[in-house]
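Worksheet: the structure to be examined is printed underneath.
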Amino acid sequence: MEASIRHAKYLAKQLHRCGVPFIIHIMLKEIGVPTSKDGFEYARYAVLMLLENPFETLKNGIYLAVGLLRNPPAGQDQVEQSIRFGIRTAFKGRNEEIWECYFPKGYPGYDECPPNRDFLMAIVDFVKLWK
């Protein structure tokens, strides 16, 4: 038992050294957002931006900025819909045990698919725990 605890602590240190973008990548993947779709990358960038400014609006702030990172630029609606698709896919195929870590009973997102803002802020909150 002690060896597994030491190993878990070692892995946590290594993960922390990889940096915040990698931690976000692992979390989104663990939750079940499909990595092969644009929504995964859009969500990753959105979380990074929300870490810097958690009070920024999604519609006229984050979605616009994330869309401009792409060449050719994506529109706000495309970014929003891609993230929404990723969240819905993750919700439909969720592992209950993992999902409950991010969306505990009684909180938005436990019983029904969370809105984009709630989903992204749950990831932001977890990343802040790692920092």
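General remarks:
- Summed residue charge, Cβ within 12 Å of Ile98's Cβ, Lys/Arg positive, Asp/Glu negative: -2
- Simple Cβ-charge dipole of the chain, Lys/Arg +1 and Asp/Glu -1, about Cα centre, in debye nearest 20: 400
- Here the dipole of segment 28-101 is about 240 debye; that uses its Cα centre as origin and unit charges on the Cβ of Lys and Arg (positive) and Asp and Glu (negative).
- Across Tyr107, Tyr63, Tyr45, mean-square fluctuation computed from a Gaussian network of the chain (C-alpha pairs under 10 Å connected) peaks at Tyr107.
- Above-threshold pairs, the threshold being 23 Å between Cα atoms, out of Lys37/Lys128; Lys29/Lys128; Lys59/Lys105; Lys59/Lys92; Lys92/Lys128: Lys37/Lys128; Lys59/Lys105; Lys59/Lys92; Lys92/Lys128
- Stretch gain in nm, segment Glu52-Glu97, where the contour uses 0.36 nm per residue and the Cα spacing is subtracted: 13.3 nm
- Note, ³J(HN,Hα) from phi for segment 116-121, Karplus 6.51, -1.76, 1.60, rounded to Hz, x at Gly and Pro: 3, 4, 4, 5, 5, 5
Any read-out appearing in this document is the output of simple, stated calculations on the displayed coordinates, not a laboratory observation. Everything quoted here is computed from the prediction, not taken from an experiment. Here Cβ is always computed from backbone atoms with ideal geometry, including for glycine, and neighbour counts include all displayed protein chains.
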